[in-house]
Amino acid sequence: MALSILSNQSASKAASSLHQSSKALQKSLTRLSSGKKINSPADDSGGLAVSMKLSSAIGRNKSVISNIQNAISFAEVQDGALGSSAKIIDRMSELKTLSTDVIKSASDIENYNVEFKALQEQLHSIATEKFNGISLFGQGPQAGGAGLDFETGAGNPVQVVNITVFTTDQGSAGAAVMMSKALLLSGLTFTSTSNTVNVAHDTGGTSVALARDKNTAKLDIADLSIAFFSKAIENISSMRASNGAAMARLQLGEDHARLTKANLEAANSRIMDVDVAEESTRFAKYNILTQASAAMLSQANQASSTALLLL
């Protein structure tokens with residue numbers, strides 16, 4: 001190789017090697033400091049695109065889990081209200097039974113009647129409860145036929161209030177859980193005092209409701225038979241069974257959503273997360289190469305001074 005002052009090919013090659021080693025060292029430092037294998041689209045454009053979609057799915061699954069937990073809370077509060085309603089019905093049936101005692105005077109029966117009427121108002125109060133502003137129960141019978149059905153009567157359309165809870169991040173209807181708002185008022189409303197057939201709608205005041213608000217005349221304890229309370233308990237037990245089935249499915253949906261989220265996070269980790277052991281080895285290599293390249297560049301820069309010995 002000719003000895004030249006203007007051109008120093010060895011220094012140029014050493015400088016190029018130093019640049020490449022420094023660049024690789026900086027990338028390795030960035031990966032180790034961020035914990036990510038892909039820090040820019042140039043690192044792996046395809047992998048970054050997949051990771052973005054996986055990250056979005058992970059976020060949606062977190063929201064799905066939160067929604068399911070809120071729905072379970074709704075169902076638990078609803079079930080608690082139904083349980084309290086059943087206790088009230090049980091107490092009303094006890095009062096009815098006590099009132100039939102032959103040794104009870106009219107005054108004694110009236111004392112039972114006071115509590116009996118108060119329990120009707122408490123039942124109506126439970127039927128109007130809300131959870132975070134959302135009604136726990138369907139509206140129930142109303143004058144003019146604007147109520148909701150507990151059982152479908154002849155000529156009455158089926159009107160059921162459902163709450164849809166999606167259990168996947170795709171919002172698929174096939175994976176949705178339908179929770180029915182228990183129609184408590186309808187379950188406690190009958191056609192008349194002579195039978196225990198539930199009605200879909202109030203027909204001009206001829207129906208009999210065990211639950212009545214403070215502005216409605218209350219039933220007397222002598223107006224109803226024990227059969228009414230048995231039917232009401234049966235209706236409430238059906239509502240609780242439906243509630244329990246929905247809760248069971250929601251819990252399974254939550255378990256599946258959590259498993260899906262964990263698997264998505266693992267898949268995203270394989271794409272994005274840096275292997276610290278491998279990257280630290282790579283860092284050590286490029287660190288040594290950078291120092292070696294810098295040292296050789298220094299030596300190559302001194303080679304041109306040899307030409308002065310010939311001048």
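The values are calculated or read from the model by the stated rules, or taken from the named source; none is laboratory data. Worth saying up front: this structure is predicted, and the values here are computed from it rather than measured. Here the Cβ is made from the backbone with ideal geometry for all residues, glycine too, and neighbour counts use every protein chain on show. Just the protein is used for accessible areas: all its heavy atoms, side chains included, with ligands, DNA and RNA removed. Shrake-Rupley method; radii C 1.70, N 1.55, O 1.52, S 1.80 Å.
Condition check for M247 on (1) part of a helix (DSSP H, G or I); (2) loosely packed, with under 14 Cβ neighbours inside 10 Å; (3) under 38 Å from the mean Cα position of the chain (by Cα); (4) touching a residue at least 60 places away in the same chain (Cβ under 8 Å): one failure, at (2). Any residue that is open to solvent by less than 40 Å² (accessible area, probe 1.4 Å), part of a loop (DSSP other than H, G, I, E, B) and touching a residue at least 12 places away in the same chain (Cβ under 8 Å) - is there at least one of those in the range 18-26? Checked against the condition, which is being open to solvent by less than 40 Å² (accessible area, probe 1.4 Å), part of a loop (DSSP other than H, G, I, E, B) and touching a residue at least 12 places away in the same chain (Cβ under 8 Å), the range 18-26 yields no hits at all. For S194, the criteria (1) within 30 Å of A49 (Cα to Cα); (2) surrounded by fewer than 16 Cβ atoms within 10 Å (Cβ to Cβ) hold in every case but one, which is (1). If you filter the range 193-222 down to residues that are modelled with pLDDT under 80 and among the polar types (S, T, N, Q), you find that the one that is nearest to the chain's Cα centre (by Cα) is N198.
The residue of the range 174-191 that is surrounded by the most Cβ atoms within 10 Å (Cβ to Cβ), among those that are part of a loop (DSSP other than H, G, I, E, B) and of a type outside the set (S, T, N, Q), is L188.
In the range 152-173, of all residues being open to solvent by 70 Å² or more (accessible area, probe 1.4 Å) and not in a loop (DSSP other than H, G, I, E, B), the one that is modelled with the highest pLDDT corresponds to F166. When I38 is tested against (1) out of contact with any Phe, Trp or Tyr (no Cβ under 7 Å at 6 or more places or on another chain); (2) in contact (Cβ under 8 Å) with a residue 60 or more places away in the chain; (3) part of a helix (DSSP H, G or I); (4) of a type outside the set (S, T, Y), only condition (3) is not met.
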